[in-house]
Amino acid sequence: MSDPIQLIEKFVHAFGRFDSEVSYADSTLARLVEDDGFVPKIHKVISPPSVLESLYDRLPFRLPPLYEHLILSYRWPQVDLETYTLLANPLGPDLSGLYGELSRDGCLWDALVPAGYLQFGKGPDIDYDPVCFEMKSRGKNRECRIVKIDHEEILCNYRVKVVAELAPSFEMLVHRTIEAAEMKRP
């Protein structure tokens, strides 16, 4: 695996290449300026690994290590990365906002989690298809396939149907996103 700190920094800085609404600010929660209406949208934070435990009390699976590093290091709004949209990890002292985003759609949550999928994104733009960690493909390093699932199959037929593999691992998805951002014109 690449250096996770550098890889995650490149990944987060790539957000602005895809979504002009997303801005990056290297700040801490204590330095936020809300009085004048300016709140940076992406925040670098230092969360202790212990905050994962309250998240894992509610999740049936442990997340891939690189995703753990991402959620401990940054808070961000939902961001469209052209081939998928990353669900928000809202600003806050813990990861309860992230859990709220992951479990927001109860119908999807109730179908995906028992089938071994955990949504962390969705399709780009107005595409509502969940983008998930396929937990049943997890290896010893907790990496797993990243798949897109047809939301209409869940909502209309109560069936989980994988329609695409976006990457064989979260790390590979991050690398592909960074490469795509580098190909975009400034």
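The values are calculated or read from the model by the stated rules, or taken from the named source; none is laboratory data. Since the structure is predicted, the reported quantities are computational estimates derived from the model, not experimental observations. We place every Cβ from the backbone using ideal geometry, glycine too, and count neighbours over all the protein chains shown.
Every listed requirement among (1) closer than 23 Å to V162 by Cβ; (2) free of Cβ contacts under 8 Å to residues at least 60 places away in the same chain is met by E82 save one, (2). Within the range 77-96, being crowded, with 21+ Cβ neighbours inside 10 Å and in a strand (DSSP E or B) holds for V79, T85, L86, N89.
In the range 107-123, what count of residues is obtained for those that are aromatic (F, W, Y) and touching a residue at least 12 places away in the same chain (Cβ under 8 Å)? So the count comes out to 2.
Annotation note: of D110, D57, D36, the sole residue that is modelled with pLDDT under 95 and either under 24 Å from K184 (Cβ atoms) or out of contact with any strand residue (DSSP E or B) (no Cβ under 7 Å at 6 or more places or on another chain) (or both) is D36. Looking only at the range 149-185, residues that are assigned to a helix (DSSP H, G or I), among the β-branched types (V, I, T) and under 18 Å from the mean Cα position of the chain (by Cα) come to 3 in all.
Give me the pairs: first residue in the range 165-186 and farther than 11 Å from E143 by Cα and at pLDDT 95 or above, second residue of a type in the set (S, T, Y) and not in a helix (DSSP H, G or I), beta-carbon distance under 7 Å, and six or more apart or on different chains, which are they? Final answer for the pair search is L166/T83; L166/Y84. Residues in the range 122-177 that are hydrophobic (A, V, I, L, M, F, W, C), more than 22 Å from S103 (Cβ to Cβ) and buried (at least 21 other Cβ atoms within 10 Å of the Cβ): V174 alone. Among the residues of the range 122-148, those identified as assigned to a helix (DSSP H, G or I) and either of a type outside the set (S, T, Y) or within 20 Å of I71 (Cβ to Cβ) (or both) are M135, K136. For the range 103-121, the tally of residues that are surrounded by fewer than 20 Cβ atoms within 10 Å (Cβ to Cβ) and part of a helix (DSSP H, G or I) stands at 4.
Suppose we keep only residues that are over 13 Å from V162 (Cβ atoms) and of a type in the set (G, A, S) within the range 98-148. Which one would you say is nearest to the chain's Cα centre (by Cα)? Filtering the range 98-148 for residues that are over 13 Å from V162 (Cβ atoms) and of a type in the set (G, A, S), the one nearest to the chain's Cα centre (by Cα) comes out as G121. When Y84 is tested against (1) under 16 Å from the mean Cα position of the chain (by Cα); (2) at pLDDT below 95, only condition (2) is not met.
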